[in-house]
Amino acid sequence: MNYEVIDSHCHLDFPKFNKDRHETIMRAKESGVVLMINSGIDYKTNANSLELAKKYDFIHATLGLSPQMVPETNNERINQILAQMERNVDKAIGIGEAGLDFYYCTDEAGKQKQKEVFQKVIDIADQYNKTLVIHGRDGEELALEMTRDLDRVVFHCYGGTIETMKDIVDAGHYVSVPTLVCFSDHHKEIAKNLPLENMLIETDSPFLSPRKGRNEPVFVRDSVPVISQLKETDEAEIAKATMQNTLRAFEL
Ligand SMILES: [Zn+2]
C-alpha cells in the first residue's frame, strides 16, 4: 500500500546499525517512512541523535535519560546529561525517553532515585515547553501522576494495563503502539482500546522486531495492517491519523 507513515521512536545510532546505517535509513525513507524520531537514552546517544538529526532533515532527535541506567549512575554523570538536555534543547523536538522502569529495578532505593531524576527531566520539559517521551515500564500509573499537568506527553512503547491507558488518554496524552502489536496479544488489546486520536506508532528499533532479527524503521509499516484489522479502519486511515497525531504531539 502506498501511504506515508512516521516511526515515532527508534534508535538508529545504536551499534546494531553500524554496518548499514545509511542504507537502513534510506530503505525506510524510500518506502514512505517520511519521518523518524530518534531517541537518546544517555549522554552519548543524545549526542548521536543530534548528529543524525543534523545529517538527515527527516530525522528528528529527542534527548533522554533512560531510567534503566539511573540506579547505577552517579549524580555527577546524571547532572551532565541534564545539562546536555538544556544546552541542546533548541535542536531537539522533545525530551525523553525518560521515566520509570520498575521491571528491571525492584529495590526501593533504586526506584526512589529513578523518581527523583525523572522529576528533574519533567521540570526541563516543562520549563522549555517540550514534548516529553516517557519510558514507563511497570511504572505507568506513577509516571502519569507525575506528568498529568504537562501539555504534550507520549507514553512510548506502552505495555501497561488498559485501565491506566484510559487514564492516560483522559489526561490528553498520547500512547505509542510498538511493532510488538504484530505478535503480542496484550499489545493488540491496547491498540484495540486506544482511541485513534491518541495513537502513535513506532518500532523502537533495533529492539522488538516483528520479523526475524533486528528491527528497523521500515518495519513500522508491518503494524499498520494489524492495527487496521483491530480497529476495522482502512490502513491508509490508520497511517494518516498516526502521522497527524505525531506531528501534533511534537508540534511539527
Ligand atoms: Zn526506546
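The values are calculated or read from the model by the stated rules, or taken from the named source; none is laboratory data. This one's a predicted model, so the numbers in the text were calculated from it and none came from an experiment. We place every Cβ from the backbone using ideal geometry, glycine too, and count neighbours over all the protein chains shown.
I'm told N88 meets every condition in (1) surrounded by 18 or more Cβ atoms within 10 Å (Cβ to Cβ); (2) touching a strand residue (DSSP E or B) at 6+ places or on another chain (Cβ under 7 Å) except one. Can you identify the failing condition by its number?
Looking at each condition in turn, N88 falls short on (1).
Please determine, by comparing only the residues of the range 27-41 that are within 9 Å of V5 (Cα to Cα) and out of contact with any helix residue (DSSP H, G or I) (no Cβ under 6 Å at 6 or more places or on another chain), which one is nearest to the ligand (Cβ to nearest atom).
Among those residues, the one meeting the criterion is L35.
Based on what the data block shows, is E216 away from the ligand (no atom under 16 Å from the Cβ) and of a type in the set (D, E, K, R)? Outline the logic, then answer.
On the way: away from the ligand (no atom under 16 Å from the Cβ): no; of a type in the set (D, E, K, R): yes.
Considered against the rule, which asks whether it is away from the ligand (no atom under 16 Å from the Cβ) and of a type in the set (D, E, K, R), E216 comes out as no.
Condition (residue is within 17 Å of F250 (Cβ to Cβ), in contact (Cβ under 8 Å) with a residue 60 or more places away in the chain and either of a type in the set (S, T, N, Q) or touching a Ser or Thr at 6+ places or on another chain (Cβ under 6 Å) (or both)) applied to the range 67-89: is it met by at least one residue?
no
I need every pair where a residue in the range 218-245 that is over 23 Å from R152 (Cα atoms) has its Cβ under 6 Å from the Cβ of a residue that is loosely packed, with under 14 Cβ neighbours inside 10 Å, sequence separation at least 6 or different chains.
E235/M1; E235/P225
Where the second residue is part of a strand (DSSP E or B) and the first is farther than 17 Å from S8 by Cβ and lies in the range 50-65, which pairs have Cβ atoms under 7 Å and are six or more apart or on separate chains?
Correct list of pairs: L50/A61; L65/A98.
Hey, among D185, D234, which residue is over 21 Å from G136 (Cα atoms), modelled with pLDDT of 95 or more and either crowded, with 24+ Cβ neighbours inside 10 Å or out of contact with any Pro (no Cβ under 9 Å at 6 or more places or on another chain) (or both)?
Going through D185, D234 in turn, the sole match is D234.
Can you tell me which residue in the range 123-149 is nearest to I78 (Cα to Cα), limited to those that are more than 15 Å from the chain's Cα centre (by Cα) and either β-branched (V, I, T) or part of a loop (DSSP other than H, G, I, E, B) (or both)?
If we take residues in the range 123-149 being more than 15 Å from the chain's Cα centre (by Cα) and either β-branched (V, I, T) or part of a loop (DSSP other than H, G, I, E, B) (or both), then I124 is nearest to I78 (Cα to Cα).
Within the range 140-183, can you find the residues that are among the aromatic types (F, W, Y) and within 16 Å of the ligand (Cβ to nearest atom)?
F155, Y158, Y174, listed by residue number.
Can you tell which of D7, D20, D57 is modelled with pLDDT of 95 or more and either surrounded by 18 or more Cβ atoms within 10 Å (Cβ to Cβ) or within 16 Å of the ligand (Cβ to nearest atom) (or both)?
Exactly one residue qualifies, and that residue is D7.
Between a first residue in the range 194-211 that is closer than 17 Å to D20 by Cα and a second residue that is near the ligand (Cβ under 10 Å from one of its atoms) and assigned to a loop (DSSP other than H, G, I, E, B), which pairs have beta carbons less than 6 Å apart while being 6 or more apart in sequence or on different chains?
Filtered contacts from the range 194-211: P206/F14.
Yes or no: the range 202-213 includes at least one residue that is within 18 Å of L132 (Cβ to Cβ), within 16 Å of the ligand (Cβ to nearest atom), among the charged types (D, E, K, R) and crowded, with 23+ Cβ neighbours inside 10 Å.
yes
Looking only at the range 30-45, decide whether some residue is surrounded by fewer than 18 Cβ atoms within 10 Å (Cβ to Cβ), touching a residue at least 12 places away in the same chain (Cβ under 8 Å) and among the polar types (S, T, N, Q).
Among the residues of the range 30-45, at least one is surrounded by fewer than 18 Cβ atoms within 10 Å (Cβ to Cβ), touching a residue at least 12 places away in the same chain (Cβ under 8 Å) and among the polar types (S, T, N, Q), which makes the answer yes.
Tell me, yes or no, whether the range 218-225 has at least one residue that is surrounded by 24 or more Cβ atoms within 10 Å (Cβ to Cβ) and farther than 25 Å from D13 by Cβ.
no
Looking at (1) within 16 Å of the ligand (Cβ to nearest atom); (2) modelled with pLDDT of 95 or more; (3) of a type in the set (A, V, I, L, M), find the lone condition where I124 falls short.
(1)
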